[in-house]
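Down below is the structure, laid out as structure tokens.
The values are calculated or read from the model by the stated rules, or taken from the named source; none is laboratory data. Since the model is a prediction, treat every value here as computed from it, not as a measurement. Glycine also receives a Cβ, built like all others from the backbone with ideal geometry; neighbour counts cover every protein chain displayed. Surface accessibility is based on the protein's heavy atoms, side chains included, excluding ligands, DNA and RNA. Shrake-Rupley method; radii C 1.70, N 1.55, O 1.52, S 1.80 Å.
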Amino acid sequence: MNLENQHVVVIGGSSGIGLGVAEACLKGGASLTLVGRSPQKLADAAARLGATHRVRTFAADVTEEAQVRRLFEEHPPAHHVVVTAVHGHYQPIRQLEIAEARRTIDSKLVAALHVAKYARLEPNGSLLFTTGIASDRPGPGGSVVAAVNGALVSLVRALALELAPTRVNAVSPGWIDTPFWDRFAGDAKAQRFEQHARRLPVARVGAPSDIAHAALFLMGNGFTTGEVVHIDGGHRLV
């Protein structure tokens with residue numbers, strides 16, 4: 001996709017899926033604003049991406065309304081805003097720490113509301129959010145993540161109507177090899193990935209580039225709005 005002379009804001013762009021989307025946008029010619037909570041991680045991501053004249057960084061916690069407002073006030077209007085940031089929390093419901101549950105809700109749903117409220121977009125621009133497989137295939141301990149992902153699907157449909165002609169869509173990843181899994185699974189990551197890959201029709205776990213490919217499609221297709229594109233290797237089928 002040709003993104004020459006377009007400005008893309010990637011929230012959560014310092015690692016994982018967000019960084020994969022940022023790389024794809026940069027290759028397409030876009031200028032980027034990477035947003036994340038850690039200035040050091042943002043600096044590391046910008047160094048990895050290179051093309052420093054086309055990459056800005058902005059440290060912000062998008063669960064805080066004032067910081068989201070400042071993000072969009074202090075940067076030029078965007079052609080596309082992509083939100084991948086999340087605080088995922090998995091815990092059995094009987095032991096659920098409500099404070100941690102609220103962090104997950106804030107990081108994905110409340111942050112999306114903040115972005116929808118304050119994002120300044122060029123004509124024919126788009127918002128792109130990230131849901132996930134848990135809304136379709138929830139597992140034990142994942143009730144909060146499943147609920148938030150499902151809520152975000154509904155939000156995308158509502159915003160597509162309310163913010164029209166701005167297009168609003170979402171990607172729904174399956175298992176993607178990101179730093180999250182290093183923390184979540186630790187030394188068992190490789191074994192879990194191998195077992196999961198054997199279940200999937202595509203016989204592999206996903207990569208950030210798989211999500212980036214779908215993100216570019218949704219940014220570029222002017223006739224798609226209110227949709228959720230599933231990039232899960234067929235996970236919903238097995």
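The listed residues are 212, 158, 185, 197, and the only one of them that is in a helix (DSSP H, G or I), at pLDDT 95 or above and farther than 25 Å from residue 124 by Cβ turns out to be 197. Among the residues of segment 49-62, at least one is assigned to a loop (DSSP other than H, G, I, E, B) and under 20 Å from residue 170 (Cβ atoms).
Among residues of segment 1-33 being exposed (fewer than 15 other Cβ atoms within 10 Å of the Cβ) and not charged (D, E, K, R), the one that is modelled with the highest pLDDT is 29. For the condition aliphatic (A, V, I, L, M) and on the phi < 0 side of the Ramachandran plot, residue 203 does not qualify.
Return the total of residues in segment 181-200 being farther than 26 Å from residue 24 by Cα, surrounded by 11 or more Cβ atoms within 10 Å (Cβ to Cβ) and acidic (Asp, Glu). Total satisfying the criteria: 1.
Of all residues in segment 101-122, those that are open to solvent by 50 Å² or more (accessible area, probe 1.4 Å) have Cβ atoms under 7 Å from Cβ atoms of residues that are modelled with pLDDT under 95 and not β-branched (Val, Ile, Thr), 6 or more apart or on another chain, in 103/87; 103/89. Restricting 224, 178 to those that are surrounded by 20 or more Cβ atoms within 10 Å (Cβ to Cβ) and not aromatic (Phe, Trp, Tyr) reduces the list to 178. Applying the condition of being of a type outside the set (A, V, I, L, M, F, W, C) and under 17 Å from the mean Cα position of the chain (by Cα) to segment 201-219 and asking which residue is most open to solvent (accessible area, probe 1.4 Å) yields 213.
Residue 36 - would you say it is open to solvent by less than 80 Å² (accessible area, probe 1.4 Å), more than 23 Å from residue 225 (Cβ to Cβ) and not hydrophobic (A, V, I, L, M, F, W, C)? Judged against the criteria, residue 36 is a match. Considering (1) without any contact (Cβ under 8 Å) to a residue 12 or more places away in the chain; (2) open to solvent by 50 Å² or more (accessible area, probe 1.4 Å), the lone condition that residue 164 does not fulfil carries the number (1). Consider segment 70-90 and keep the residues that are more than 26 Å from residue 104 (Cβ to Cβ), assigned to a loop (DSSP other than H, G, I, E, B) and touching a residue at least 40 places away in the same chain (Cβ under 8 Å). The one that is most open to solvent (accessible area, probe 1.4 Å) is 76.
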